[in-house]
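S.K.: Structure below; questions to follow.
The values are calculated or read from the model by the stated rules, or taken from the named source; none is laboratory data. Note that this is a predicted model, so its numbers are computed, not measured. Methodologically, a virtual Cβ is constructed for each residue, glycine included, from the backbone with ideal geometry; neighbour enumeration extends over all protein chains shown. Note: accessible area is taken over every heavy atom of the protein model, side chains too, but ligands, DNA and RNA are not part of it. Shrake-Rupley method; radii C 1.70, N 1.55, O 1.52, S 1.80 Å.
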Amino acid sequence: MRNSIMILLMAGIASQSCTAQKQKAPADAAAYVSTITAAELSKHLHIVASDEMQGRNTGEPGQKKAGEYLIAQYKKDGIPFPTGAKDYYQPIPASFFVKTFAPKLGDSENIWAFIEGSDKKDEIVVVSAHYDHVGMKNGEVYNGADDDGSGTVALLEIAQAFQEAKKKGHGPRRSVLILHVTGEEHGLHGSRFYSENPLFPLKNTVANVNIDMIGRRDTFHPDTNNYVYVIGSDRLSTDLHNVTEAANDKYTKLALDYKYNDLNDPQRFYYRSDHYNFAKNGIPSVFFFNGTHEDYHKPGDDPEKIEYDALEKRTRLAFATAWEIANREERLKVDKDGK
């Protein structure tokens with residue numbers, strides 16, 4: 001009888017070990033980094049930033065149509081909405097957008113998708129980008145292909161890469177929340193709403209990887225697009241900074257430019273995109289950015305002007321960074337005060 005019990009116990013332990021091995025992520029993300037392609041990014045962006053979307057102004061029909069396209073892609077790829085949500089939308093009432101001297105905005109929505117983790121599934125990595133732009137002015141459509149159509153379609157590809165890994169038994173250890181936020185152009189409203197009404201407790205949110213404008217080059221890099229500005233990675237967490245650099249060294253080899261990470265940056269970009277609403281709550285956050293250019297907030301920000309090879313590499317870096325955060329043994333340590 002004792003021998004039988006011992007055999008059963010050992011069989012149970014072996015079974016648990018096999019299960020754990022099946023859930024374990026591979027040593028690197030190379031197989032899934034390569035699923036992110038310029039061709040797919042271009043296909044999505046020529047739809048998201050088309051005239052049909054009317055500049056995706058917050059709460060307007062064009063933005064809602066763009067949101068429907070995003071959700072259709074998640075459904076096509078078999079990527080669900082998050083556990084605890086009733087659908088792919090986080091509704092935000094128009095009253096939340098009210099600001100003195102600001103234009104009146106309609107009801108809008110954040111859009112989310114979810115790749116549930118395995119052994120650390122209660123810890124959340126948020127990957128974000130805003131899908132709104134500035135709409136139409138004097139009958140002219142401001143398509144916002146770079147701002148932030150580029151980040152919007154990057155999220156589609158990142159989610160698809162994580163889902164592909166999960167289908168092959170290499171899903172992330174921590175859960176990944178894909179968050180398309182609204183109202184950024186009018187004051188970071190969508191990310192502020194999420195941070196004040198989180199689906200998952202902020203204490204369980206280990207990091208935010210934010211993408212805002214990664215499809216062009218700026219005047220400081222006239223001869224190359226093989227760079228990206230990295231903002232905020234070291235403000236709260238040395239771990240996050242090191243993970244970002246290591247992911248780049250291993251997978252993308254972009255020139256990481258910290259010009260706008262300077263505490264005295266006169267442009268104050270650290271405070272001007274959606275990662276800030278996570279960072280101000282003590283969540284380690286990194287913001288990937290290509291800098292501004294001659295079509296910034298102008299009608300010429302069109303899909304035809306995007307450099308898709310650069311968009312591919314920068315999207316791959318964002319994915320690789322999120323992958324490393326989601327799969328490391330220890331959650332990122334907060335060891336700085338953000339100042």
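S.K.: For the condition outside any helix (DSSP H, G or I), within 18 Å of the chain's Cα centre (by Cα) and in contact (Cβ under 8 Å) with a residue 12 or more places away in the chain, what is the one hit in H221, H180, H170?
M.R.: Just one listed residue meets the conditions, H180.
S.K.: Okay, next question. Please verify whether F288 is part of a helix (DSSP H, G or I), open to solvent by less than 50 Å² (accessible area, probe 1.4 Å) and either acidic (D, E) or touching a helix residue (DSSP H, G or I) at 6+ places or on another chain (Cβ under 9 Å) (or both), treating the condition exactly as stated.
M.R.: No, not satisfied.
S.K.: Further question: If you scan the stretch 118-142, which residues turn out to be open to solvent by 10 Å² or more (accessible area, probe 1.4 Å) and outside any strand (DSSP E or B)? Give the steps one after another, and end with the answer.
M.R.: Start the filter on the stretch 118-142 by keeping residues that are open to solvent by 10 Å² or more (accessible area, probe 1.4 Å), which leaves 118-123, 134, 136-142.
Those that are open to solvent by 10 Å² or more (accessible area, probe 1.4 Å) and outside any strand (DSSP E or B): S118, D119, V134, N138, G139, Y142.
S.K.: Another question, then. Go through (1) closer than 22 Å to V176 by Cα; (2) out of contact with any strand residue (DSSP E or B) (no Cβ under 7 Å at 6 or more places or on another chain); (3) open to solvent by 10 Å² or more (accessible area, probe 1.4 Å); (4) assigned to a helix (DSSP H, G or I) for D249 and report which single condition fails.
M.R.: The single condition D249 does not satisfy is (1).
S.K.: G187 fails exactly one of the following numbered conditions: (1) buried (at least 24 other Cβ atoms within 10 Å of the Cβ); (2) at positive phi. What is the number of that condition?
M.R.: In the conditions (1) buried (at least 24 other Cβ atoms within 10 Å of the Cβ); (2) at positive phi, G187 misses (1) alone.
S.K.: Still on this model: Of the conditions (1) in contact with a strand residue (DSSP E or B) (Cβ under 7 Å, 6 or more places away or on another chain); (2) open to solvent by 10 Å² or more (accessible area, probe 1.4 Å); (3) outside any loop (DSSP other than H, G, I, E, B), D309 fails just one. Which one is it?
M.R.: The single condition D309 does not satisfy is (1).
S.K.: Something else about it: For Q21, only one of the following conditions fails: (1) surrounded by 12 or more Cβ atoms within 10 Å (Cβ to Cβ); (2) at pLDDT below 95. What is its number?
M.R.: The number of the failed condition is (1).
S.K.: S150 is checked against (1) touching a helix residue (DSSP H, G or I) at 6+ places or on another chain (Cβ under 7 Å); (2) within 18 Å of N327 (Cβ to Cβ) and fails just one. What number does that condition carry?
M.R.: (2)
S.K.: Looking at the structure I just gave you, is P103 open to solvent by less than 30 Å² (accessible area, probe 1.4 Å) and either part of a loop (DSSP other than H, G, I, E, B) or small (G, A, S) (or both)?
M.R.: Details: open to solvent by less than 30 Å² (accessible area, probe 1.4 Å): no; either part of a loop (DSSP other than H, G, I, E, B) or small (G, A, S) (or both): yes.
Criteria not met by P103.
S.K.: Additional query: Assess whether L240 counts as being under 21 Å from E312 (Cβ atoms), touching a residue at least 12 places away in the same chain (Cβ under 8 Å) and either surrounded by 14 or more Cβ atoms within 10 Å (Cβ to Cβ) or of a type outside the set (V, I, T) (or both).
M.R.: In short, no.
S.K.: Another question about this same structure. Could you check the stretch 108-117 and list, in sequence order, the residues that are under 18 Å from L188 (Cβ atoms) and either in a loop (DSSP other than H, G, I, E, B) or of a type in the set (A, V, I, L, M, F, W, C) (or both)?
M.R.: Across the stretch 108-117, the qualifying residues are I111, W112.
S.K.: What pairs come out if I take residues in the stretch 192-209 that are in a loop (DSSP other than H, G, I, E, B) and pair them with residues that are open to solvent by less than 10 Å² (accessible area, probe 1.4 Å) and not small (G, A, S) whose C-beta lies under 6 Å away, six or more apart or interchain?
M.R.: L199/P82; F200/I124
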